[in-house]
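Okay, structure first, notes after.
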Amino acid sequence: MNHIEKLLRESLKDCRIDLIGFAGKERFEGVDPRHNPFSIFPEAKTVIMLGKRICRGALRGVEEGTNFGDYALFGKNWLEDEFLSIACYDLVRVLEDNGWEACPIFPNPSELGPQGVSVAEGRPAPNVYPDFDYAAVACGLGEIGLNGLLLTPEFGSRQRFHMILTDAEIDPSPLFEGHICDACGKCAQSCPLGAIDTENTKEIEICGKKMQVADIHYDVCKTCKNGACVNRFAATARPDRIAALCNRTCICHLEDSELLSNKFENSFRQREAWSVGGTKNAAERNVEAANVLGGSFSKDGNRGNR
Ligand code: SF4
Ligand code: SF4
C-alpha cells in the first residue's frame, strides 16, 4: 500500500465511507470514450470508487408498502446529493492537500447521450458520463447480478457510489473473485410484471470477469409501482430498481443465505410481500390507479400527486 492509499484508507472512518476501490487506466482500455472516465481527466492515473450503504431501514417503508418518500430521500436523493457528495468532497480534499488533483464525478445515468457538441477534433461531446457499475466492478468492489444490479459482498445491492479521478498512482484493487448472485432466480419469480427474463441471459465481461445477466424489460420496469422509481435525471434512463419488489426479494435471499457481511438480528421480510399490477400486459394495467406511492414516483418522474 503506497502513501496516498494509506492516507485515503485512514480517512474512510472520518468521511463515513463504507466501500472504496481503485483501478488504473488499463482497466478502462476499450471503453467507449463517451463513457470513459479518462476522457474527463486524460492525465489521471487512478479511478477511485467510494460507496455508502443504503441503510436497510431506508427500505422498510417500501417493504411494508406504507412509506415511499423516506427511501427516496435517505436511500436515493440525499444519499447521492448530500451524504456521498460531502464524503467525496472530503476525500478530494485529502488528495489535493497532498498535491494530487482529484476530480469528483457524480453518478449521472451513463446511458444518456451527449448534451453538447465536441469542442475539438478527437474529443467526445460533453457530457461524458462514466458507467458506474462497470467502474465498481473494475475497482474490485463486486459483480453484476442476474438482476442487472451491482452487488457487493458487504451489502448486496444496498449502496450508491461517487467517483474520483486522480493523477495519484494507487495500486489497483484485486477484482472480486467470488460470486454473490447464486442464480436462484427469485428476483424474476417475484416480479409481478414478468420483466426479468432468465431464459434469455447475456454474458457481460468487465476486465476479464464474466457475469450472466438476464434480459430485463426496462420499459416494463418504468411502469412498475412495486417500489421502482422513474430515473430522476431522465425518464428515458433506466429506473431505480433498488427498492422494487424484485430487488427486495433478492436482498432477503442474500441475507437468508448468509451471503452478505452486513448482518441483522431479524429477517428483512416479516410478512408476505405486497404487489400491484400483476399482469404482463401493459395495456391492462391502469398505472394511475396502481399509483400507491403517494405521487412521489409518478410516471413522468415529477414529484407531486399527478
Ligand atoms: S435474486 Fe437470486 S438470481 Fe436474482 S440477483 Fe439475487 S441472487 Fe441473483
Ligand atoms: S422493477 Fe418492477 S417490473 Fe422491473 S423487474 Fe423489478 S418488480 Fe419487476
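Quick look at the values:
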item: Residue order, fewest to most beta carbons within 10 Å, for ASP32, ASP90; result: ASP32, ASP90
item: The stretch 167-239-the stretch 108-140 distance, computed between alpha-carbon centres (Å); result: 19
item: MRE, 222 nm, helices only [DSSP H, n ≥ 4, -39500 (n - 2.57), over the chain, to nearest 500]; result: -5500 deg cm²/dmol
item: Lysine-lysine proximity count for the stretch 146-291, Cα under 25 Å, sequence distance 8 or more or distinct chains; result: 12
item: For the stretch 186-260, convex hull of alpha carbons as volume per residue, Å³; result: 121
item: For the stretch 1-73: rounded, prolate or oblate by the Cα gyration tensor [a/c cutoff 1.5]; result: oblate
item: Relative counts (whole %) of C-alpha pair distances in the chain, using bins that are 20 Å wide; result: 32, 59, 9, 0
item: Fewest-first ranking of GLU111, GLU10, using other Cβ atoms within 10 Å as the exposure measure; result: GLU10, GLU111
item: Mean Cα-pair separation over length for the stretch 36-115, i.e. relative contact order, pairs under 8 Å, 6 or more apart, %; result: 20
item: The chain, relative contact order in percent, only Cα pairs under 8 angstrom and at least six apart counted; result: 20
item: PHE74, PHE22, PHE132 arranged by Cβ crowding within 10 Å, fewest neighbours leading; result: PHE74, PHE132, PHE22
item: Mean Cα-pair separation over length for the stretch 16-174, i.e. relative contact order, pairs under 8 Å, 6 or more apart, %; result: 39
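Here, each number is a calculation from the coordinates, and none is a lab measurement. All values derive from a computational prediction rather than experimental measurement. A quick note on method: Cβ atoms are made from the backbone with ideal geometry, for glycine too, and the neighbour counts reach across all protein chains shown.
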